[in-house]
Amino acid sequence: MNKNIKLAVAGAVLALSATAANAGIIIPAGEWTVDIGGNVNTFATWSKANGNATITSSTGVEVGRGQNTTNGFGNGLLPNFLSVSGSTRQNDLDVSFTISIQPGSAHSSPLGVGADGGINNRQSFITFGDKSWGSVKVGKDLGIFASDAILSDMTLLGVGAGTPAGNTTLGRIGYGYMYADWKPQISYTTPNISGFQATAGISQAFIAKSKSQYGSNYTASGVNASPAYEGKASYSFAANDVTGKIWVSGIAQKVGSFGYHNEDQVAYGADIGAKVSAGGFDLVGYYYGGSGIGITGQMYDGYGVHSDGGLTSRDSDGGYVQAMYTLPTKTKLGVSWGISKLDKTDYEQAYNYTDELVKENEMWTVGAYHPLTKHLNLVAEYNHTRSENQSSQENKANSVSLGAILFF
C-alpha cells in the first residue's frame, strides 16, 4: 500500500478495523517497485440547522439560518486519493517517492453546467534512509503536529462536521483538534526502538491571520524569516490482547509583526493522546493547548487586539474522547465527543471587542462502519454540532450521512 494511504488508514485501521487493502496495485519495474493506490468515497448528508448567531473567524463567517434543512453529496473527511509511489534500494539506502492528487466527488454548482468538485495536490515527497538509523522526508506531506489526532479520529472514514460540498468536510477538525495540514517539510524519523519512535522537522511557516473588533482581518506583516519547528514522540505497546499507543507532539513558529508591534511573536501548540484496543473495544483520548495557534486552521484567529493598538496572542485548547466496539459481524459501532475553545485577550474581554468571534465548537458523533468486502466499507453517521461566539450566541445542527469508501 502506498505511503499516503498508509498515513490516512494507519489510524483508521486501529480505530475502525477498516478492511482496506493490504497493498495497492504493485508493479515491478526494473530496479523499482511501483505502487498505485488510493481511495474513492461519496456520502449523502442531510442536515438541519437551528440558530441565528453570526460567528466569525478568519476561515469564514457562519451566519445563522434559523431552522433550515439542507442536503449535499460529496466526499467526507478523506478526499478521493489517487497516488503513485515507488521504492528501491540503492547504495545501502531505502529510497522512495510519492505523488498524489485528490479529485473531489462534490458538484460545485446546482446548475450542473461545467461544474466539478475541485482538486487538491496534497503530496509530493521523497524519503531516504535505512532501518538502522531512520529516514528523512523532503517534500509536501501531512504535518507533524496534531497528525495522530486526525489519524485516530473515527470520522476519518466518514463525514463529521459540515455538509459535503467542496473537496472534503471538516470531520472533527476544529471540534476537538487542529488541522495538521499538508505542508512542505524536511523531517527525520528515528528507527522504532522497542516501541519508541520520534520525528522532528521544519515545515512551511504560515502567515498569521486574525479577526479584528471591526470584523476585518489582521494579517502579520512581512515575510516569515524562520520555518515552523515541529516534532512528536510516541510509544506503541502490545501485551497479551491489549495494544495501544501514547504520543505527544508540538509546534512553534515565529509570526510577523502586527500593528504597532515591531517584534516578531511566537505561536506554539502542544498535544498529548493515547489509544488502547482490548477485547473488541477501541478507546482514544486526546488533549491540546496553545497560544497564538488558533482554533481550526493553524495560525488563524490566534491573535487579538491589544491596548496599544497592536495584537497579542489568544489562548486555545480542546480535545476529544472516543469509544468503539467491534460486533461479531466485524461492524464497528462508535461514539465520540470533542470540543475546541478560543479565548479573547484580556483587552478584548474588558472592552467587549470581537463579540462575534468564535468561542467554542462542540460535536457529538455516533457512527457505524461495516466492511462489506476486504476493500469496501459502508458508513452511517449522525453528528450534532454546536458553535458559540464570544457573546454566548450559538448555532446548532443535526446531520445524518450515508455513504461508502473503497480503498485499493
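Restricting attention to the range 183-210, report how many residues are of a type outside the set (S, T, Y) and closer than 30 Å to Y353 by Cα.
Within the range 183-210, residues that are of a type outside the set (S, T, Y) and closer than 30 Å to Y353 by Cα number 5.
Could you tell me whether any residue of the range 238-258 is surrounded by fewer than 23 Cβ atoms within 10 Å (Cβ to Cβ), over 18 Å from the mean Cα position of the chain (by Cα) and modelled with pLDDT under 85?
Yes, the range 238-258 contains at least one residue that is surrounded by fewer than 23 Cβ atoms within 10 Å (Cβ to Cβ), over 18 Å from the mean Cα position of the chain (by Cα) and modelled with pLDDT under 85.
Can you tell me which residue among S96, S83 is buried (at least 17 other Cβ atoms within 10 Å of the Cβ), touching a Phe, Trp or Tyr at 6+ places or on another chain (Cβ under 8 Å), over 30 Å from A397 (Cβ atoms) and at pLDDT 90 or above?
From the options S96, S83, the qualifying one is S96.
Go through the range 134-150 and give me each residue that's small (G, A, S) and under 25 Å from G171 (Cα atoms).
Passing the criteria: G143, A146, S147, A149.
In the range 125-145, how many residues are surrounded by 17 or more Cβ atoms within 10 Å (Cβ to Cβ) and among the aliphatic types (A, V, I, L, M)?
Qualifying residue count for the region: 2.
This table checks each residue for (1) surrounded by fewer than 22 Cβ atoms within 10 Å (Cβ to Cβ); (2) of a type outside the set (S, T, Y).
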residue: Y325; (1), (2): yes, no
residue: T331; (1), (2): yes, no
residue: W337; (1), (2): yes, yes
residue: N352; (1), (2): yes, yes
residue: L357; (1), (2): no, yes
residue: A368; (1), (2): yes, yes
residue: P371; (1), (2): yes, yes
residue: A380; (1), (2): yes, yes
residue: H384; (1), (2): yes, yes
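Any residue at all in the range 296-315 that is within 27 Å of N39 (Cα to Cα) and not in a loop (DSSP other than H, G, I, E, B)?
No - not one qualifying residue is present in the range 296-315.
Take the range 214-230 and flag every residue that is more than 20 Å from the chain's Cα centre (by Cα) and either at pLDDT 85 or above or surrounded by fewer than 17 Cβ atoms within 10 Å (Cβ to Cβ) (or both).
Y214, G215, S216, N217, T219, S221, G222, V223, A225, S226, P227
Scanning for something in a loop (DSSP other than H, G, I, E, B) and in contact with a Phe, Trp or Tyr (Cβ under 6 Å, 6 or more places away or on another chain), does the range 147-164 turn up at least one residue?
So far as the range 147-164 goes, yes, one or more of its residues are in a loop (DSSP other than H, G, I, E, B) and in contact with a Phe, Trp or Tyr (Cβ under 6 Å, 6 or more places away or on another chain).
Any residue in the range 226-237 that is in a loop (DSSP other than H, G, I, E, B) sitting within a Cβ distance under 9 Å of a residue that is among the hydrophobic types (A, V, I, L, M, F, W, C)? List the pairs, counting only those 6 or more apart or interchain.
Every condition considered, the pairs that remain are S226/I202; S226/A205; P227/I186; P227/I202; P227/A205.
Check Q349 against each of (1) closer than 30 Å to H375 by Cα; (2) of a type outside the set (A, V, I, L, M); (3) outside any strand (DSSP E or B) and name the one condition it does not meet.
(1)
Just checking, which of T326, T345, T331, T296 is within 21 Å of A53 (Cβ to Cβ) and β-branched (V, I, T)?
None of the other options fit; the residue is T296.
Check Y300, Y287 and return the single one that is touching a residue at least 12 places away in the same chain (Cβ under 8 Å), closer than 19 Å to A205 by Cα and either crowded, with 17+ Cβ neighbours inside 10 Å or in contact with a Phe, Trp or Tyr (Cβ under 9 Å, 6 or more places away or on another chain) (or both).
Y300
Residue-by-condition table, conditions (1) surrounded by fewer than 13 Cβ atoms within 10 Å (Cβ to Cβ); (2) under 22 Å from S401 (Cβ atoms); (3) at pLDDT below 90; (4) of a type outside the set (K, R):
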{"position": "E31", "(1), (2), (3), (4)": "yes, no, no, yes"}
{"position": "V34", "(1), (2), (3), (4)": "no, no, no, yes"}
{"position": "G38", "(1), (2), (3), (4)": "no, yes, no, yes"}
{"position": "F43", "(1), (2), (3), (4)": "no, yes, no, yes"}
{"position": "A49", "(1), (2), (3), (4)": "no, yes, no, yes"}
{"position": "I55", "(1), (2), (3), (4)": "no, no, yes, yes"}
{"position": "G66", "(1), (2), (3), (4)": "yes, no, yes, yes"}
{"position": "T70", "(1), (2), (3), (4)": "no, yes, yes, yes"}
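Please go through the range 155-181 and pick out each residue that is more than 9 Å from the chain's Cα centre (by Cα) and under 16 Å from Q298 (Cβ atoms).
Correct list: Y175, G176.
The values are calculated or read from the model by the stated rules, or taken from the named source; none is laboratory data. Computed from a prediction, not measured in an experiment: that's the story for all the values here. Every residue, glycine as well, gets a Cβ built from its backbone with ideal geometry; the counts of neighbours run over all protein chains shown.
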